[in-house]
Amino acid sequence: MKFESLRIAGLRCLDGVAITPAPGISVFVGANGAGKTSVLEAAYLLSHGRSFRAGSRDVLLKRGATSLSVFAEVRAGDDRARRLGLGRESGRWQARVDGDAVSLGSLVQECAVVCFEPGSHDLIAGASDERRRFLDWGLFHVEHGFVNQWRRYQRALKQRNALLRTGAPLDGGLMDPWESELALSGEALSGYRKSYLDRLVPHIQGFMGNVLPELGAFSLRYKAGWDEAMDLAATLHERRGRDLGRGHTTAGPHRADFSIAFEHAPLREHLSRGQEKLCALACLLGQASLHAALRGEWPVVCLDDLASELDRTHQEWVVAQLLGRDVQVLVTGTEVPHALTDQPVTVFHVEQGGVTALL
Ligand SMILES: Nc1ncnc2c1ncn2[C@@H]1O[C@H](COP(=O)(O)OP(=O)(O)O)[C@@H](O)[C@H]1O
Ligand SMILES: [Mg+2]
């Protein structure tokens, strides 16, 4: 998928911005605080429904503004063009595809952007919800049945938690149907995630061997969110008393996680911050590569602050990986990164919330 145009209004410092990114590599340069990362956030927003930076979606709204909108014309590999939009008006967020109001999930499925940015090490070192979001985003884009199961699970989880929160003695008649729905959809989710990881790991391994060869063989272990010696239905039933005390559901795919290990760094704590970043980069590229294998086209790849995130060798490596493929890349930096100075790139200047193409 590629962006043919991107229009941004009322997002942080960006207003009235219209960009025609190159089909290959675009570099957004500008001073600190100019709005470079915000451009990538706009692209990411359409594909994730949120920012990669901390905070709710609402913090993206420009201070003092009452509306925010991001519109894009995208073209998929099969030459299908789509108009995508996400905006906030009168306190409501609304997603659109080709002018029609759609759910956020339907929008996100039409747009694929992966982003390597200064917070990406959280995928390795952060809380487990980062890793679940990573898995589920991948699944949302390649596995149609997943969305339905995911929705069923979220709904049943909400209902079970609502019953637990009342703190009243449990009424089996009320609890049983939601618990069985939770168990059915939860087992299905878990199955999707496991088979996704089975396909994903070889793609990650392909990159990991290049970025962190010194750490030896890489492995990844999925933790389902409950002790799989027992099925989820029995686990939920057994935990009713404990969950009632806690006021929420303590087992299931919403507690899932995965851990990574290397032959010479068996624990995550053995990795330096720089190694965590490289590890996250390999995971993101692996996900993009699997997406390409299954969907026939690469997602858009964003590299925020490339030159300050990676040493020169790894900057050159990642650029070489992407140049050899038909992929649209959006890079930011205070200047054009060294690895790109001799490459065919389109440069945009970002200043005081405005973006202009440099000829
Ligand atoms: N909600 C907001 N409204 C207005 N300006 C904002 C908002 N959030 C952040 N900013 C400002 O937007 C600018 C853009 O930040 P950013 O995109 O991170 O810049 P860069 O990546 O170029 O350093 C910053 O100057 C920041 O202070
Ligand atoms: Mg920035």
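The values are calculated or read from the model by the stated rules, or taken from the named source; none is laboratory data. Computed from a prediction, not measured in an experiment: that's the story for all the values here. So basically every Cβ, Gly included, is an ideal-geometry build from the backbone, and we count neighbours across all protein chains shown. Accessible surface areas use protein heavy atoms only, side chains included; no ligands, DNA or RNA. Shrake-Rupley method; radii C 1.70, N 1.55, O 1.52, S 1.80 Å.
Worth pointing out:
- 2 or more residues farther than 30 Å from residue 161 by Cα and among the small types (Gly, Ala, Ser): qualifying strands (runs of 3 or more DSSP E) within segment 244-359: 354-358
- Residue match in segment 102-120 (condition: touching a strand residue (DSSP E or B) at 6+ places or on another chain (Cβ under 8 Å) and on the phi > 0 side of the Ramachandran plot): no
- From the options 286, 274, residue that is touching a helix residue (DSSP H, G or I) at 6+ places or on another chain (Cβ under 6 Å) and closer than 21 Å to residue 126 by Cβ: 286
- Residue in segment 171-185 that is open to solvent by 40 Å² or more (accessible area, probe 1.4 Å) and under 21 Å from the mean Cα position of the chain (by Cα) present: no
- Subset of segment 29-46 that is among the hydrophobic types (A, V, I, L, M, F, W, C) and either within 10 Å of ligand 2 (Cβ to nearest atom) or closer than 19 Å to residue 340 by Cα (or both) - its residue that is most open to solvent (accessible area, probe 1.4 Å): 31
- Conditions (1) in contact with a helix residue (DSSP H, G or I) (Cβ under 8 Å, 6 or more places away or on another chain); (2) farther than 18 Å from residue 200 by Cβ: number failed by residue 214: (1)
- Selected residue [at pLDDT below 95 and of a type in the set (A, V, I, L, M, F, W, C)] from 9, 95, 54, 43: 54
- Listed conditions (1) touching a strand residue (DSSP E or B) at 6+ places or on another chain (Cβ under 8 Å); (2) open to solvent by less than 20 Å² (accessible area, probe 1.4 Å); (3) within 11 Å of ligand 1 (Cβ to nearest atom) are all met by residue 58, apart from (2).
- Restricted to strands (runs of 3 or more DSSP E) entirely inside segment 62-114, those with at least 1 residues that are more than 16 Å from ligand 2 (Cβ to nearest atom), buried (at least 16 other Cβ atoms within 10 Å of the Cβ) and among the hydroxyl-bearing types (Ser, Thr, Tyr) are 68-75.
- Within segment 50-71, residues that are touching a residue at least 60 places away in the same chain (Cβ under 8 Å) sit with their Cβ atoms under 6 Å from residues that are open to solvent by 50 Å² or more (accessible area, probe 1.4 Å), at 6+ positions apart or across chains, in these pairs: 71/7.
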